Each structure stands twice: as C-alpha cells, then as structure tokens.
Amino acid sequence: MKMHASPRRPALLTTLALACLASAPLHAEPFFSSIESRPLSQWWVNPGFYSAHFQRDKGLNDSNPGLGVEYRMSTVTSLTAGRFYNSDRAYSNYAGVYYQPFTIGPFQAGAVVGGFSGYPKMRDGGWFLAAIPVLTLEGERLGLNIGIVPTYKDRLYGAISFQLKLKVWE
C-alpha cells in the first residue's frame, strides 16, 4: 500500500516558514555574506521534524514527532540534542553541533555535525556520525531549521527535513 503525505502538511509548513520570515529582522545586507561570531545565550525547544522524503515509494514515516533542545552559544554555533520517532518507525536519539557562518538571504547557512542512533539498517540501530547541510531562519521567538539529509545506500533515506523551534530563554 502506497502512503501519501497529507496535502495540508506542505501548506502548514509554508505558513510556518512565512511566520518565521515575517518575524525575522530585515537587513539591507548582501544576499550571501559571512557572519561575525559573537557570544549569545539562547535556549530553543522543538517538537521533532517533518521529513519530505525523496523516495516517495518506500512508505517512509514523514511525521517525526519528538522533543529536542538547542543551545545557541554564539551567532554561528549551537549545541543540539533530542529524541524523535524516525522515518523507519523507530526511536532515534541525536546530539550535535551546528556551525552556520554564512547568510543566504534571510537564512543562516552551514551544517550540523553529530551522532545519530535508531536507524535499523545503519549499524543495526547503533550510533553513527553524520554531517547535514542546514539552513536556519530565526525570528524573535520562532525558528525553522531546514536540513538536506542525503540518501546513504539502502541504509538511510534522504529527505528535506523541517524542524520548527521555539525560543524559550534568552
């Protein structure tokens, strides 16, 4: 049986992205630039991910609820950790570091490097390291991380992953 994503999910993601964009500060800066590293102390929480998989015929789980935290320690670096129900319908844990030293339009750009677990075809569900390109859009209270997860053989399925986040402490 082929599973299809709800047609309302892309509309919800678009609405959330627009809300983040509307609350993001507007700057008259170049479209692509580097970011000066300055100290920050911000805590963000997230309810997991929504993953739009590239391989739509695999019956993968697009909705990946969970709980995660992100500590933004500078304008370019964050620490992250959490747990979510993954695309293979198993629980995953993650811990990593975001490094995003560039802007592309209103987005911060870089990668998250970290450890992940819980994918049955990857190291029998054990921990593995990965680097994922990430764009981040942050407003005063809402944020959105967009990761481009690459396909890795028949072990991990690629997707564009959306992670809504809420700033809870500054």
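Kindly indicate whether any position in segment 58-75 is modelled with pLDDT under 95, charged (D, E, K, R) and exposed (fewer than 15 other Cβ atoms within 10 Å of the Cβ).
yes
Can Arg83 be described as modelled with pLDDT of 95 or more and of a type outside the set (A, V, I, L, M, F, W, C)?
So Arg83 fits the description; yes.
What residue, among those in segment 37-61 that are touching a residue at least 60 places away in the same chain (Cβ under 8 Å) and not in a strand (DSSP E or B), is farthest from Gln108 (Cα to Cα)?
Lys58
Taking segment 134-160, which residues are touching a residue at least 40 places away in the same chain (Cβ under 8 Å) and part of a loop (DSSP other than H, G, I, E, B)?
Gly139, Glu140, Arg141, Thr151, Tyr157, Gly158
Among the residues of segment 99-128, which ones are in a strand (DSSP E or B) and more than 17 Å from Arg83 (Cα to Cα)?
Tyr99, Gln100, Pro101, Phe102, Thr103, Ile104, Phe107, Gln108, Ala109, Gly110, Ala111
Taking Ala131 as the residue in question, decide whether it is assigned to a strand (DSSP E or B), free of Cβ contacts under 8 Å to residues at least 24 places away in the same chain, closer than 24 Å to Val168 by Cβ and among the small types (Gly, Ala, Ser).
no
Taking segment 91-106, which residues are surrounded by 14 or more Cβ atoms within 10 Å (Cβ to Cβ) and closer than 27 Å to Arg56 by Cα?
Selection gives Ser92, Asn93, Tyr94.
Looking at segment 71-94, which of its residues are closer than 15 Å to Gln163 by Cβ and among the small types (Gly, Ala, Ser)?
Ser78, Ala81, Gly82, Ser87, Ser92 - these are the residues of segment 71-94 that are closer than 15 Å to Gln163 by Cβ and among the small types (Gly, Ala, Ser).
The values are calculated or read from the model by the stated rules, or taken from the named source; none is laboratory data. The structure displayed is predicted, hence computed values, not measured ones. With ideal geometry, Cβ positions are generated from the backbone for all residues, glycine too; neighbour counts draw on all protein chains shown.
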